[in-house]
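One structure below.
The values are calculated or read from the model by the stated rules, or taken from the named source; none is laboratory data. Computed from a prediction, not measured in an experiment: that's the story for all the values here. Heads up, the Cβs are rebuilt from the backbone with ideal geometry, glycines too, and the neighbour counts pull from every protein chain shown. Accessible surface is based on the protein model in full, side chains and every heavy atom, while ligands, DNA and RNA are left aside. Shrake-Rupley method; radii C 1.70, N 1.55, O 1.52, S 1.80 Å.
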Amino acid sequence: MIYKKIILYKGKEESLKRFHPWVFSGAIARKDDVEDGDLVSLFTSGGDFIGNGHYEASSIAVRMLSFDESAIDEKFFGMRLKAAFEMRRAIGLMRDDNNSFRLVHGEGDFLPGLVIDVYGNTAVVQAHSPGMHFARKQIAQALTSELGDVVKNVYYKSETTLPYKAALDSTNEYLVGGYEGDVAVENGLKFHVDWLRGQKTGFFVDQRENRRLLEHYARGRNVLNMFCYTGGFSFYAMRGGAAEVCSVDSSAKAIALTEANVALNFADDARHKSVTEDAFKFLDVMEKDHYDLIVLDPPAFAKHKSALKNALVGYRRLNAKALMKIKSGGLLFTFSCSQAVNKEQFRLAVFSAAAQSGRKVKILHQLTQPADHPISIYHPEGEYLKGLVLYVE
Ligand code: SAH
């Protein structure tokens, strides 16, 4: 199928030949009368067809969906969703004790601009591009026809992720089914997912494996879970036999969610307490040498490259504070989810923090995003979650 045409400058097709999915606006020589969200067909300056994608009037002007002439319709979405689902099933994410996972991770699943998380019978769909917004009903339809025995409800939640939300009718709503309970299971632990009001799709499924590693180290430790959001790391720490767990977040709503989730798994367990406080302030006044397992999982400090320098200062300050106060023999789980900050830059920020604290620090683990957040080999930018587990003597 050929859509409205976009013709590139000479030589600008090179990265597309290697299946990189983005076309920058500067690469475009000529285009038909295209609008945000339109399906477009890409051609070289010599007139050769390259592939089809979604157009958006921004610096990433086209997100490629296919490199052949197949139509981008419900059947196309069905095929991609099926492939994504088969992969999650094959790697063992659908079990009696685990029904929450990321079904579609944008470029990593060859569906740029689309994120879908599954919580039990509900799929939460997030569009990051106008094209995916316009395709939402096809996507919802394809979800029920391909995954109908798993997905009964489809909730669309893109009010905060779409670029020009004013111009798009991006109301959050159920596209299929409705509310059917909000308790999901991750590695045998239960949690409420507030997809209606929560951040992102309601829960951070990307820390699943890292929470499990923390559980492994938690026995007998005093655990401090900074930036806890819905408390994921806290309830794994409790199952792992932590002596005490303190969850901290600056949002009272997040703390309420954490308390509800702890109660769901460990009702009336006196080991847990929570504090609504700014992380930097909390670390400043916190008693020294009390906690011997600290998690730092802040929100993305750099949402764009322009914020990189400040972000690195932020990571250094935060980590230095924790490294100065952690008990000898303690473990620090420290993360960055900023796509604009790469592994080396993050490690350098933590290195500076360690030097500033003067502590002896060893890297025990280098962590990343789990397998249901795959990285297309053609799109290394898809790697965003970085973590280090440090042992502090
Ligand atoms: N660790 C969480 C995810 C963290 S998301 C998990 O496993 O699910 C980041 C959280 O940081 C959000 O809940 C946000 O409310 C909180 N936050 C943002 N700025 C903060 C600050 N300055 N101090 C404390 N918490 C903050």
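At 7 Å along the Cα-to-beta-carbon direction for both Val285 and Glu209, put a label point, then send me their distance in nm to one decimal.
3.9 nm
Give the distance, in whole Å, between the Cα centre of the range 118-166 and the Cα centre of the range 241-266.
29 Å
Whole percent per 5 Å bin, from 0 to the bin with the longest distance: what is P(r) over all C-alpha pairs of the range 189-286?
Distribution as computed: 3, 15, 25, 26, 20, 9, 2, 0 percent.
Dividing the alpha-carbon Rg of the range 204-392 by 2.2 N^0.38 Å yields what? Mind showing how you got there, number by number?
Details: Rg = 15.8 Å, N = 189, 2.2 N^0.38 = 16.1 Å.
Here the answer is 0.98, to two decimals.
Given the Cα-Cα distance of Asp96 and Ile60 and 0.36 nm per residue of separation, how much length would full extension add, in nm?
Gain on stretching Asp96 to Ile60: 8.9 nm.
On a 1.4 Å probe surface of the protein chains, which of Trp22, Trp195 comes out largest in accessible area, and what is the full order?
The ordering from most to least exposed comes out as Trp22, Trp195.
With the alpha-carbon atoms as the only input, what is the per residue convex hull volume for the range 74-187 in Å³?
96 Å³
From the Cα trace of the chain, what convex hull volume per residue do you get, rounded to a whole Å³?
Per residue, the Cα convex hull of the chain comes to 136 Å³.
Test of understanding: in a Gaussian network model of the chain with alpha carbons linked when under 10 Å, which of Glu56, Glu180, Glu381 would top the mean-square fluctuation ranking?
Glu180
With 12 Å as the cut-off, how large is the P(r) tail for the range 134-186, expressed as percent of Cα-Cα pairs? Spell out each step's value before the answer.
Details: 949 of 1378 pairs.
Tail fraction, whole percent: 69.
Which one, Val341, Pro21, Phe110, projects farthest toward the positive side of the charge dipole computed for the chain from Cβ point charges (K/R +1, D/E -1)?
Val341
Using only the heavy atoms of the protein chains and a 1.4 Å probe, how would Phe67, Phe76 rank by accessible area, largest first?
Details: Phe67 70, Phe76 10 Å².
Order by accessible area, largest first: Phe67, Phe76.
Keeping all protein chains in position, work out how much accessible area His20 exposes to a 1.4 Å probe, and write it in Å² to the nearest 10.
30 Å²
What translational D, rounded to a whole number of µm²/s, comes out for the range 22-84 from Stokes-Einstein when the hydrodynamic radius is the Kirkwood one over Cα pairs, at 4 °C and 1.567 mPa s?
104 µm²/s
Find the all-direction average of the projected area of the Cα convex hull for the range 62-108, expressing the result in square nanometres with one decimal place.
With the hull built on Cα positions only, its mean projection is 4.1 nm².
Rolling a 1.4 angstrom probe over the protein chains, ignoring ligands and nucleic acids, what is the accessible area of Arg239 in square angstrom, nearest 10?
Using a 1.4 Å probe on the heavy atoms, I get roughly 90 Å².
Need one number for the range 298-393: average projected area of the convex hull over its C-alpha atoms, nm². Show your work: numbers first, answer last.
On the way: hull surface 24.7 nm².
Average projection, Cα convex hull of the range 298-393: 6.2 nm².
Rounded to two decimals, what is the ratio between the C-alpha radius of gyration of the range 260-311 and 2.2 N^0.38 Å? Don't jump to the answer; show the numbers that get you there.
Numbers: Rg = 15.7 Å, N = 52, 2.2 N^0.38 = 9.9 Å.
Compactness ratio reported: 1.59.
Given the Cα-Cα distance of Gln141 and Lys4 and 0.36 nm per residue of separation, how much length would full extension add, in nm?
Difference between extended and current length: 46.8 nm.
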